[in-house]
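These notes concern the structure reproduced below.
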Amino acid sequence: MDLRRRALLGVDGLRVLLMLFHTVTRIMAEQEVENLSGLSTNPEKDIFVVRENGTTCLMAEFAAKFIVPYDVWASNYVDLITEQADISLTRGAEVKGRCGHDESELQVFWVDRAYALKMLFLKESHNTSQGPEATWKLSKVQFVYDSSEKTHFKDAVSAGKHTANSHHLSALVTPAGKSYECQAQQTISLASSDPQKTVTMILSAVHIQPFDIISDFVFSEEHKCPVDEREQLEETLPLILGLILGLVIVVTLVIYHIHHKMTANQVHIPRDRSQYKHMG
């Protein structure tokens, strides 16, 4: 009986150890992140990598700025005036992240955690006329800011931590298996817990892939944003038109040269019949 009890205790103890090991492993996997902003030539851009089980599962490169309105007292200390704080995501920020099959998350903290950015990505499947199609998107943005932080906020009324959230967000939509790239600025509005305040998030120089990374530290094929594609078309269109115009001119000159040469070799018959007697 004692042997059986000891065996049961041993099995239960092993299960507990396995559960603890699984939990610790999962936590370690979630915290396996790197800030590689030092590799960027853009001093305003951060590069974040989340790795699980020794492989890259999320990569993000972007520059971010937040425009945050806040109230200060007027000179009469009766009225309120709205000021504006411009908060940039600084290089060397602390980062956390997690990866999943259909949901991934990136969290960034800077200035002693006075500011925190959380970005949630979702992968979805849709039925189209050509069959099932999978895409991923940025589905939620949360920005936490502390208006008692003196670098960006000067004498803010009701200073303290506030949270700004996106509302029904569906941004950076990209086909599954591809990365999203956009050099143009993109703005996202966030509703703040500070009454009647809207925080504006400005993203630029974006390159993100939260799912299906095949090679370690390497983005998959890029999916360009419409703004970049339009700007690229506007840049190349004059060149294309110039080439077409040049080709038309060359073809016209060639045709004229051939026609001139052919007509020059032809025998000219006099129109005046009186001249026929001199022929032959």
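Every read-out reported here was derived from the displayed coordinates using simple, explicitly stated rules and does not represent laboratory data. Nothing here was measured: the structure is a model prediction, and the numbers come from that model. Positions of Cβ are generated from backbone atoms using ideal geometry, with glycine treated the same way; all protein chains shown enter the neighbour counts.
So what's Rg/Rh here for region 129-217, counting alpha carbon atoms and using the Kirkwood radius for Rh?
For region 129-217, the value is 1.10.
Given region 155-203, what whole percent of its Cα pairs are spread farther than 14 Å?
Tail fraction, whole percent: 63.
Can I get the semi-axes of region 60-177's equivalent ellipsoid? Compute them from the C-alpha gyration tensor as square roots of 5 times the eigenvalues, in angstrom, largest first.
37, 16, 10
Can you list the HN-Hα couplings for region 202-216, worked out from phi with the Karplus curve (6.51, -1.76, 1.60; θ = phi - 60°), rounded to whole Hz and with x for Gly and Pro?
Per residue, the Karplus-derived 3J(HN,Hα) values read 10, 9, 8, 6, 8, 8, 9, 8, x, 9, 6, 7, 8, 9, 4 Hz.
Ordered by residue, what ³J(HN,Hα) values in Hz, to whole numbers, does region 132-139 give under the Karplus form 6.51 cos²θ - 1.76 cosθ + 1.60, where θ = phi - 60° and Gly and Pro are x?
My calculation for region 132-139 gives x, 9, 9, 9, 10, 8, 7, 9 Hz in order.
Can you give me the Cα centroid spacing of region 150-195 and region 36-89 in angstrom?
9
Test of understanding: extend the Cα→C-beta vector of Y77 to 7 Å, then name every residue of region 137-173 with backbone N under 19 Å from that spot.
Under cut-off, by backbone N: 154-159.
Mind listing the long-range amide H neighbours of A134? Cut-off is under 5 Å, sequence gap 5 or more, other chains count too, H placed in the peptide plane at 1.01 Å from N.
HN-HN under 5 Å from A134: H126, A176.
Report P(r) for region 36-125: all Cα-Cα distances, bin width 10 Å, range 0 to the bin holding the largest distance, values in whole percent.
Going out from 0 Å in 10 Å bins, region 36-125 shows 14, 36, 27, 14, 7, 2, 0 percent.
Simple spin-label model, 7 Å along Cα-to-Cβ: T55 to S125 in nm?
For the pair T55/S125, the computed spacing is 2.0 nm.
Simple spin-label model, 7 Å along Cα-to-Cβ: V173 to F109 in nm?
So the two model labels end up 3.5 nm from each other.
When the chain is fully extended, how far beyond the present Cα-Cα distance does E222 get from T252, taking 0.36 nm per residue of separation?
Answer, rounded to one decimal: 6.7 nm.
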